[in-house]
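For reference, the structure discussed in these notes is given below.
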Amino acid sequence: MRLWFLGVRGSTAAPGRDFLRYGGHTSCVAVLADGDAVPALVLDAGTGLRSLTGRLGGAPYRGAILISHLHWDHVWGLPFFAAGDREGAEVEVYLPAQDGLSGEELVAGAMSPPNFPIGPDGLRGRWAFHAADPGERQVGGFQVTAAQVHHKGGRTYGYRVQDASASLAYLPDHRLSAGVSAEARQLVQGVDLLVHNGQFAERERAVADAFGHSTVQDAIDFAAGLGVGALALTHHAPNRTDDELDAMLDGLDLKLPVTLAREGEERRVGATPAEV
C-alpha cells in the first residue's frame, strides 16, 4: 500500500512562500494498492484533490472518495476535481449519514446555488453519493471500516483501510480529550500507520478543545497506546509556517516514529520513515 499526500492543511488553504515545504492545500490523501500506478481510493476531498488530476496524466478518475466529514476544508476540492468532472469518470463518494438526508443532499448543502454555480448533479461523468453508516465495506479494492469519532459540528468518521499488505487509519479531525469509543480504538489498534490531526501544540489546548481537535502530544499518546507502527501528523494549522512546523516535535516524548506529513510526499505504508 502506498500513499500520496495531496493536501495536509486544516481549516483553510495556506498559500505563500512561508508554506511551500509542507504545502498549503487542505485535506486529501490518495491510497494505492501495491503495483497500481494510479489510486482507486481517496481519503477526503479538500483542495488537495485538485492536484490528483495532473497525476492521472489526463485520464478520468475511476474510483472512490471517502469523506471524513462535511466541513469545507474536506470537501471543497470536489467541484474543482477536473479528472472527476469529465466524461468517462466514475466516482463513488461515501460520507457520514446524518439528518435523514441522502448523500447528494448532504453535499448539496454547501455545493449548490446560491453558494456555488452548480449542484452535485452538475458534475460530468458518473457520480454516486452514498450516505453511509459506520461499519465495514469493500471500497476501491480495500477493506474499509468506518467508525464515528469525536469532532465538533456534524457527524465525523475515522477510517481504517487495509489489504493483504498493510493497514492504515485516517482520523484527520478528532478530539481525543472528549474520550475514545471502543469502535474508534478498534479502528486504530495495531495499524502500520496512523494519519491523525496535529494542528495544535500543547500550549494551544484550549483552542484545540474548542475546535474539536487534539494536541500533538494527545495524538502521540493515542498512537503509542494502541500499538501503532508509525504516526503521520496532518491537518496543520493554516497560520503555522514551515519553520514553525519544523520545530513542532521539539521536546516531545515521541514514543514511536512520528513525522509531519508534507504535500507531495509519497509514502509506503508499513515502511519506516527512513524507507519512505
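Listing for the model above:
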{"read-out": "Options Val144, Ala206, Val191, ranked by Cα towards positive dipole end of the chain, top entry (Cβ charges)", "value": "Val144"}
{"read-out": "For the range 2-270, share of DSSP beta bridges that run antiparallel, in % to the nearest 5", "value": "45"}
{"read-out": "Over the chain: Kirkwood hydrodynamic radius from C-alpha pairwise inverse distances, Å", "value": "18.5"}
{"read-out": "Cα pair distances exceeding 18 angstrom across the range 147-276, given as percent", "value": "50"}
{"read-out": "Proxy reagent accessibility, fewest Cβ within 10 Å first, across Arg155, Arg126", "value": "Arg126, Arg155"}
{"read-out": "Residues Ser214, Ser51, Ser68, sorted so that the one with the fewest Cβ neighbours within 10 Å comes first", "value": "Ser51, Ser68, Ser214"}
{"read-out": "Mean Cα-pair separation over length for the chain, i.e. relative contact order, pairs under 8 Å, 6 or more apart, %", "value": "19"}
{"read-out": "Helix 216-225 axis, angle to the chain major axis (alpha carbon atoms, nearest 10°)", "value": "80"}
{"read-out": "Pairwise label distance in nanometres, Val38 with Trp72, each label 7 Å out on the Cα-Cβ vector", "value": "3.1"}
{"read-out": "Fraction of antiparallel bridges per DSSP, the range 1-147 only, in percent to nearest 5", "value": "45"}
{"read-out": "Of all DSSP beta bridges in the range 2-66, antiparallel share, percent nearest 5", "value": "65"}
{"read-out": "Spin-label zone in the range 191-227 - amide nitrogen under 14 Å from a point set 7 Å from the Cα of Asp253 along the C-beta vector", "value": "217-225"}
{"read-out": "Residue exposure sequence - His74, His69 - by fewest surrounding Cβ within 10 Å", "value": "His69, His74"}
{"read-out": "Gap separating the Cα centres of the range 215-265 and the range 1-77, nearest whole Å", "value": "19"}
{"read-out": "Extended-chain gain in nm, criterion 0.36 nm per residue less alpha-carbon gap, Arg55 and Leu101", "value": "13.2 nm"}
{"read-out": "Taking the convex hull of Cα positions in the range 45-105, its mean projected area over all directions (nm²)", "value": "4.1"}
{"read-out": "Neighbour cut-off at most 10 other Cβ (10 Å), DSSP loop, chymotrypsin sites (Phe, Trp or Tyr not before Pro), the range 195-243", "value": "none"}
{"read-out": "Per-pair calculated FRET efficiency, R0 = 41 Å: Ser181 and Arg203 via Cβ, rounded to 0.05", "value": "0.90"}
{"read-out": "Alpha-carbon centroid distance for the pair the range 96-115 / the range 117-186, whole angstrom", "value": "17"}
{"read-out": "For the chain, built as a Gaussian network whose Cα springs stay under 10 Å, the top-fluctuating residue of Leu70, Leu249, Leu32", "value": "Leu249"}
{"read-out": "Point-charge dipole on Cβ atoms (K/R +1, D/E -1) for the chain, about Cα centre, debye to 20", "value": "220"}
{"read-out": "Whole-number Å³ per residue for the convex hull built on Cα positions in the range 1-40", "value": "75"}
{"read-out": "Fully extended contour minus Cα-Cα distance, from Asn239 to Glu90, at 0.36 nm per residue", "value": "50.1 nm"}
{"read-out": "Dipole of the range 1-71 [Lys/Arg +1, Asp/Glu -1 at C-beta], most positive-end residue of Gly16, Leu70, Ala40", "value": "Gly16"}
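Only the coordinates and a few stated rules stand behind these numbers; no lab work does. Keep in mind the model is a prediction, meaning the values are calculated, not measured. As a convention, Cβ positions derive from the backbone with ideal geometry for all residues, glycine included, and neighbour counts pool all protein chains shown.
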